[in-house]
Amino acid sequence: MKNLLLSAFLAIVVFACQTPEPPHHLYLRYNKPAEKWTEALPIGNGSLGAMIYGNPLKEHIQFNHETLWTGEPRSYAHDSAFAYLGELRELLYKGKQAEAHELAMAHFMGEPVRQKAYQPFGDIFIEFPGHERYTVYRRELNLRKAISTVSYQVGDTTFSREYFASFPAKVLVGKFSSDKKAAISFRLNMDSPHENHSLATTDDGMILTVNVTDGVLTGTARLALHISGGNVRSDEGGWNISGADEVVMKLSTATSYVRYDDVSGDPGAITEEIINQTRKQKYASLLKQHINDYQHLFNRFDISFGENDRVNLPTEERLNQFWQKPEDPQLLALYVQYSRYLMIASSRSGTQPANLQGIWNDQIKPPWDSKWTTNINTEMNFWPAEVTGLADCHESLFKLIEECAGTGKVVAQKHYQARGWVLHHNTDIWRGTAPINHANHGIWVTGGAWLCQHLWEHYAFGQDEDFLRKAYPLMKGAAQFFVDYLTEDPTTGFLVSGPSNSPENGGLVMGPSMDHQIIRTLFRNCVEASAILGEETAFADTLSSLIPKIAPSQIGKHGQLQEWMADIDDTENHHRHVSHLWAVHPGSEINWRDTPKLLDAARQSLIFRGDDGTGWSLAWKINFWARFLDGEHAYRMITMLLGPAENELRYTRGGSYPNLFDAHPPFQIDGNFGAAAGITEMILQSHLGELHLLPALPKALSSGAVSGIRARGGYTLDMTWENGEVTALTIHSRTNTTCKIRYQDKLTELPVKAGKSYVMGKDFGI
């Protein structure tokens, strides 16, 4: 009896100590295989990305490596460009825009005028004979463990596949198993869309080697198989396995890319070393290592808006139902967590930052070359990083900024004879920073300045002075450029930016509003950083003297915020870019507390622009309406973004594909990240130096909970609310300061100490 009681007690203890799956299960679920790329499920480890189709008869795994690009190391700077800067300005001041475009295309653009493209790597195909008649099919992506699974039955046998991409092991891992012995039989081969590729078998797998057309990069994909039981035979075309109990597949990839000016790497040696290291690890060990690494990031933040009966529906069906009847708030929580999953999968410390498609691409000529577009898209990719606990993922972007500062210094000198560094509206793996494509949108000078806002935000959230000390030289260099570049407007006397443009709208001009908003913010950030660090006071004084001289934001004849110096906004213009509202979000210069008239004008501009837009444009509008404190309108934008992109009955351009990828269309990942950030803006805002609780909460999200949400000033919050009212709140502080908390119409000031937590009702009231 004593042993029975002890066993029962131990069973209870073990059960209690297990970490149960939260009630809001975080899965993407499907009851059929993917037929298209935008139905396949993504996995990634920051460098290696793959799309899993999950077909029982013929599995398809399409994969990428982050540094496989066309092109080669080079400078895009135009040596004689500066000679034409004065003439360009003169033409624009005289209203001769067409002549300015022509002159710029002839003498001012980068050489060459187009940058290079991110490439697909290859494909794994696995054929399972006799699996045509399958039943009980299930395909899932588990966001809590970063595992993609497939299961189905053939007759009375259940087959299972598990896939994950391990950051610590640097491999993609797949396991093929069943509930019966000797049941695994398949043929595996590999291919690549690149014409110049070769395939060879090894003792336990295959090697795919590619040479990129229109470039110098080579890549190696090395696949190794661990087969338990059965018979194995290889030939020139692949591997044949029959009657195995289980098969584990490992894939490593690498290219000859070392950095933007060095392509001397040996991808064959790199992949061989990686595979050799993983040979020492069993599947269970690799899986545990992967989950621990992933959850170290993912589990920092959680969000829920309650449960409902749609939670177990196939994901594409949830999208269809949400579009028709948006009563599935938990879908928003899933979407936020999926966006965090995508960030962890595509942007890790030491990797490239997420590009226009993260790291997933299946086209030799991808949309917009799948580059880093810095007039909104690259920045939007990282909007949720700090607030949702993924500051580590931000580090990949900081490395890109550092490298662009190097190449941008050359462009600043040759195009503008300016100090510091400049980045125009795009960069690629070779860190091109010169103006590209066309003068009417490519000559836009504030890409680097906007990226520097991310350096400042990282400090604002984390309060790490050591980081700020390292980041400040990059911020200073970007500011130095504008000290030299800004020029006096002959009509108003204000300092203006030009030649430039309001991104992709209206052509080349002098003095677009967005530029001035970004430059003022950069200058202010540098001034504040100088005060915090106690250095560069003379330069800070220079910036402080220039800030009031920069052309201010203006309200036009239609009550709108002017997009340009001249009052020429077209109220019928529904362009996807809303660049002149930058000071509302992600900036904070225009806000409800300090500049209500300008905020009203910004709102009027957004009303004129309309709700419709591409996927990323819809995502930005969610953030705008949250900053306008209009939760209902923000929620309306969410319903548009979470509508099925391929439903012909929908009138909007943007939306979501069945795998929840954002639809520009086609696929761009920025909308995934931007919408996630917008949802957090509805719950917590901190851009005004206050913790503003539930500032834009719509009725549809009247109850919910969030933990690990971060705020500027060094705070992390756990909060629950019911019927629109906060019911529990804990604030964790990283600093010794006074925390300002705004809730409804009340502002509370709370002295806090670093490392301490403060609980609502116990330590303060709201």
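The values are calculated or read from the model by the stated rules, or taken from the named source; none is laboratory data. Being a predicted model, the structure only gives us computed values, none of them experimental. Neighbour counts are summed over all protein chains in view; Cβ atoms, including those assigned to glycine, are modelled from backbone coordinates with ideal geometry. Heavy atoms of the whole protein, side chains included, go into the accessibility calculation; ligands, DNA and RNA do not. Shrake-Rupley method; radii C 1.70, N 1.55, O 1.52, S 1.80 Å.
Overview of results
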quantity: Positions within region 649-686 being hydroxyl-bearing (S, T, Y) and within 18 Å of W625 (Cβ to Cβ), in sequence order; calculated: T652, T680, S686
quantity: Test for L717: is it more than 20 Å from Y341 (Cβ to Cβ), surrounded by fewer than 24 Cβ atoms within 10 Å (Cβ to Cβ) and free of Cβ contacts under 8 Å to residues at least 60 places away in the same chain; calculated: yes
quantity: Selection status of D204, out of contact with any Asp or Glu (no Cβ under 9 Å at 6 or more places or on another chain), loosely packed, with under 15 Cβ neighbours inside 10 Å and in contact (Cβ under 8 Å) with a residue 12 or more places away in the chain; calculated: no
quantity: Matching residues in region 729-743 - criterion: being without any contact (Cβ under 8 Å) to a residue 40 or more places away in the chain and open to solvent by 40 Å² or more (accessible area, probe 1.4 Å); calculated: H732, N736, T737, T738
quantity: Number of the condition not met by G122 [criteria: (1) out of contact with any strand residue (DSSP E or B) (no Cβ under 6 Å at 6 or more places or on another chain); (2) farther than 17 Å from G432 by Cα]; calculated: (1)
quantity: Members of region 400-420 found to be open to solvent by less than 10 Å² (accessible area, probe 1.4 Å) and more than 26 Å from A50 (Cβ to Cβ), listed by number; calculated: I401, C404, G408, V411, A412, H415, A418
quantity: Where a residue in region 430-442 is open to solvent by 10 Å² or more (accessible area, probe 1.4 Å) and its partner, wherever it lies, is part of a loop (DSSP other than H, G, I, E, B) and of a type in the set (D, E, K, R), with Cβ under 8 Å and at least six apart; calculated: N437/R114; H441/E504
quantity: All positions within region 42-60 that are surrounded by fewer than 24 Cβ atoms within 10 Å (Cβ to Cβ) and either on the phi > 0 side of the Ramachandran plot or not hydroxyl-bearing (S, T, Y) (or both); calculated: N55, P56, L57, K58, E59, H60
quantity: Complete set of residues in region 455-474 that are of a type outside the set (F, W, Y), touching a Phe, Trp or Tyr at 6+ places or on another chain (Cβ under 8 Å) and either without any contact (Cβ under 8 Å) to a residue 40 or more places away in the chain or open to solvent by less than 10 Å² (accessible area, probe 1.4 Å) (or both); calculated: L455, L468, A471
quantity: Considering residues of region 227-258 that are more than 22 Å from S178 (Cβ to Cβ) and assigned to a loop (DSSP other than H, G, I, E, B) only, the residue most open to solvent (accessible area, probe 1.4 Å); calculated: E236
quantity: Check on R310, open to solvent by less than 60 Å² (accessible area, probe 1.4 Å), touching a helix residue (DSSP H, G or I) at 6+ places or on another chain (Cβ under 7 Å), of a type in the set (K, R) and part of a helix (DSSP H, G or I); calculated: no
quantity: Members of region 536-557 found to be in contact with a helix residue (DSSP H, G or I) (Cβ under 7 Å, 6 or more places away or on another chain) and not aromatic (F, W, Y), listed by number; calculated: E536, T537, A540, T542, L543, S544, L546, I547, I550, A551, S553, I555
quantity: Residue in region 661-672 that is without any contact (Cβ under 8 Å) to a residue 24 or more places away in the chain and open to solvent by less than 50 Å² (accessible area, probe 1.4 Å) present; calculated: no
quantity: In region 576-595, the residues that are closer than 13 Å to R609 by Cβ and open to solvent by 40 Å² or more (accessible area, probe 1.4 Å); calculated: R576
quantity: Within region 371-394, considering residues that are assigned to a helix (DSSP H, G or I) and closer than 16 Å to I518 by Cβ, the one most open to solvent (accessible area, probe 1.4 Å); calculated: W383
quantity: Selection count where residues are open to solvent by 50 Å² or more (accessible area, probe 1.4 Å), more than 17 Å from P435 (Cβ to Cβ) and hydrophobic (A, V, I, L, M, F, W, C), scope region 66-84; calculated: 0
quantity: Filter result for the condition that a residue is touching a residue at least 24 places away in the same chain (Cβ under 8 Å), part of a strand (DSSP E or B) and closer than 16 Å to G230 by Cα, over K175, K181; calculated: K175
quantity: F186 closer than 19 Å to A34 by Cα, in a strand (DSSP E or B) and of a type in the set (F, W, Y); calculated: no
quantity: Only one of E111, E87 that is assigned to a loop (DSSP other than H, G, I, E, B), open to solvent by 60 Å² or more (accessible area, probe 1.4 Å) and of a type in the set (D, E); calculated: E111
quantity: Residue that is farthest from the chain's Cα centre (by Cα), among those in region 482-498 that are outside any strand (DSSP E or B) and under 25 Å from V584 (Cβ atoms); calculated: T492
quantity: Any hit, region 429-443, residues being over 30 Å from Q685 (Cα atoms), assigned to a helix (DSSP H, G or I) and in contact with a helix residue (DSSP H, G or I) (Cβ under 8 Å, 6 or more places away or on another chain); calculated: yes
quantity: Residue ID - surrounded by the fewest Cβ atoms within 10 Å (Cβ to Cβ), chosen from residues in region 747-766 that are among the basic types (K, R) and at pLDDT 95 or above; calculated: K753
quantity: Failed condition for G477, given (1) part of a helix (DSSP H, G or I); (2) over 28 Å from the mean Cα position of the chain (by Cα); calculated: (2)
quantity: Any hit, region 375-392, residues being touching a helix residue (DSSP H, G or I) at 6+ places or on another chain (Cβ under 7 Å), in contact (Cβ under 8 Å) with a residue 24 or more places away in the chain, under 19 Å from G442 (Cβ atoms) and polar (S, T, N, Q); calculated: yes
quantity: Check on L397, open to solvent by less than 20 Å² (accessible area, probe 1.4 Å), modelled with pLDDT of 95 or more and assigned to a helix (DSSP H, G or I); calculated: yes
quantity: Test: residue in region 141-163 that is aromatic (F, W, Y), in a loop (DSSP other than H, G, I, E, B) and open to solvent by 10 Å² or more (accessible area, probe 1.4 Å); calculated: no
quantity: Inter-residue pairs, beta-carbon under 6 Å, first closer than 14 Å to M51 by Cα and in region 135-156, second assigned to a strand (DSSP E or B) and among the hydroxyl-bearing types (S, T, Y), 6+ apart; calculated: R139/Y30; E140/Y27; E140/T149; L141/S148; S148/Y163
quantity: Within region 669-725, strands (runs of 3 or more DSSP E) holding 1 or more residues that are modelled with pLDDT of 95 or more and within 24 Å of S347 (Cα to Cα); calculated: 704-711, 715-722
